[in-house]
Amino acid sequence: MANVRLIARLDIKGPNLIKGVHLEGLRVMGDPQEFARRYYEQGADELIYMDIVASLYGRSMLTEIVRRAAHDVFVPMTVGGGVRNVDDVRDLLRAGADKVAINTAAVRRPDLITEVARRFGSQCMVLSIEAKQQAPGKWEVYTDCGRERSGIDAIEWARSGVQLGAGEILVTSIDREGTRKGFDVELTRGIASAVSVPVIASGGYGEPQHLLDVIRDGAADAVAFADALHYGRTTIAKLREQALSAGINVRRL
Amino acid sequence: MRVTVVDYGIGNLYSVCRALERCGGEVTLSGDASQIEAAPHLVLPGVGAFSDGMRGLQERGLIDPVQRYATSGRPLLGICLGMQMLASVSEEFGCHEGLGLIPGQVVAVPNKTTDGQAQKIPHIGWNGLVPAAGALWGDSILKETPEGTAVYLVHSYSVVPDDPGHRLADCLYGGHRIATAIRRGPVVGCQFHPEKSGEAGLAILAQFLNS
């Protein structure tokens, strides 16, 4: 098995790092650059930037934030939020992003996934799926920062997204996001077993056991952490140690 | 330490330039033949398809200058697609000629593990560097790099040098040994992205600048 990646996720609104619960109730945390630098120094395997209201309000400051980050951060960066077309992708890659994550625009026009994969390679095209549970074993895709229902089944959407060219799936459980109750292991496993590409689990970390659960039972290839890092309840270095001592393959530093 | 990064119209060059600067490099981004030939250190970056990369070099008249630079004895580093283009030929989407600076072929990363299980392609993520058979790192860009150091890779194809003596470091993917760093004299290639491999990657770039 490949090394499981430990990812720091930074949700952005305007110029600020913010943190919410269920993608709502946003609180300003500070300058994203300071946090990004700290996570890089702690040994994060990757960073994810998400402009979480960009799909509602359009144009964002994300490109500038990414360009500043690329100045100090020398690990891969995935960037999403408000990415609508191939030109947006090009601009973000030029600013130093390695991959883009697309949710709303891909739900509205699935061909965008294929266009991005053809032009920049499928390794650049991360399909971001934000989902809420509807019934046992059933999750619905939400768009526009968790506000709009799509009527689409999350596992089916993951499968067709990969057929269209997505090279990775970022799964965010809206139910668990910011709750510290643990990742949605069933949702993660449902998607991981439906697709052949890596799956990143996001939303819900509260304690070390949650990390082990989502890797062992959820079959996650990578795990994203947000407020637990922002509030200093844990660090990437501690998470790495905990994973290693539980026998999980992660990058050794 | 002055270093020229070859700009041939593909990929994001910002990260590689920034990483070289962080290592003390004075970076010039150039698509100019005479500047490239006269460079004290040369980096050939690249992401994307092999044929697009070679076409980018050709359209700008940069194939001969890079080849001539390589015979000068000054250090050349090819990164990712840049490493693959150092080889003689690639089988990616047909058969395409490379720069021929390190004889070898670019072939697909196996999509099955050595025990027959399906494995994910592209090979993406952090993987450990192990010395290739018989390779010594002591006088190479890996001089200060501990064995097993994890580096970041994103690729679907890899180089198989004709002369196994040109392999410097491998990584293991599904039980297969994949050439991850190759070299022939001052011409070095790394399949991984040192500019995205954290502090370990920066140390490798710094070593290159000091070579």
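The values are calculated or read from the model by the stated rules, or taken from the named source; none is laboratory data. Every value quoted in this text rests on a predicted model; they were computed, and no experiment measured them. FYI the Cβ positions are ideal-geometry reconstructions off the backbone, even for glycines, and counts take in every protein chain you see.
Scanning the range B:195-211 for residues that are part of a helix (DSSP H, G or I) and either touching a strand residue (DSSP E or B) at 6+ places or on another chain (Cβ under 7 Å) or of a type in the set (S, T, N, Q) (or both) yields B:K196, B:A200, B:G201, B:Q207, B:F208, B:L209.
Taking the residues in the range A:184-225 that are assigned to a strand (DSSP E or B) and within 14 Å of chain B (Cβ to nearest Cβ) as candidates, determine which candidate is surrounded by the most Cβ atoms within 10 Å (Cβ to Cβ). Selected residue: A:V223.
What are the residues in the range A:1-48 that are modelled with pLDDT of 90 or more, surrounded by 16 or more Cβ atoms within 10 Å (Cβ to Cβ) and either among the small types (G, A, S) or assigned to a loop (DSSP other than H, G, I, E, B) (or both), if any? Result: A:N3, A:A8, A:A36, A:G43, A:A44, A:D45. Of all residue pairs spaced 6 or more apart or on separate chains, those with beta-carbon atoms under 9 Å, a first member in the range A:116-138 that is on the phi > 0 side of the Ramachandran plot and a second member that is modelled with pLDDT of 95 or more and surrounded by fewer than 24 Cβ atoms within 10 Å (Cβ to Cβ) are A:G137/A:I155; A:G137/A:E186; A:G137/A:G190.
Screening A:E168 on (1) farther than 28 Å from B:G53 by Cβ; (2) touching a strand residue (DSSP E or B) at 6+ places or on another chain (Cβ under 9 Å) shows it passes everything except condition (1). The C-beta contact set for the range B:150-172 (first residue touching a residue at least 40 places away in the same chain (Cβ under 8 Å), second residue aromatic (F, W, Y) and surrounded by fewer than 21 Cβ atoms within 10 Å (Cβ to Cβ), distance under 9 angstrom, 6+ apart or interchain) comprises B:A169/B:W137.
The set of residues in the range B:12-65 being more than 14 Å from chain A (Cβ to nearest Cβ), assigned to a helix (DSSP H, G or I), out of contact with any strand residue (DSSP E or B) (no Cβ under 7 Å at 6 or more places or on another chain) and farther than 18 Å from B:L101 by Cα consists of B:S34, B:E59.
One line per residue, one yes/no per condition, for (1) closer than 26 Å to B:E195 by Cβ; (2) within 12 Å of chain B (Cβ to nearest Cβ):
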position	(1), (2)
A:A70	yes, yes
A:F74	yes, yes
A:V83	yes, no
A:D91	yes, yes
A:R94	yes, yes
A:A101	yes, no
A:A106	no, no
A:P110	no, no
A:A117	yes, yes
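Within the range A:168-184, being closer than 14 Å to A:V214 by Cα, of a type in the set (A, V, I, L, M, F, W, C) and in contact with a helix residue (DSSP H, G or I) (Cβ under 8 Å, 6 or more places away or on another chain) holds for A:V171, A:F183.
Scanning the range B:152-163 for residues that are more than 9 Å from chain A (Cβ to nearest Cβ) and either surrounded by 15 or more Cβ atoms within 10 Å (Cβ to Cβ) or assigned to a strand (DSSP E or B) (or both) yields B:L153, B:Y157, B:S158, B:V159, B:V160, B:P161.
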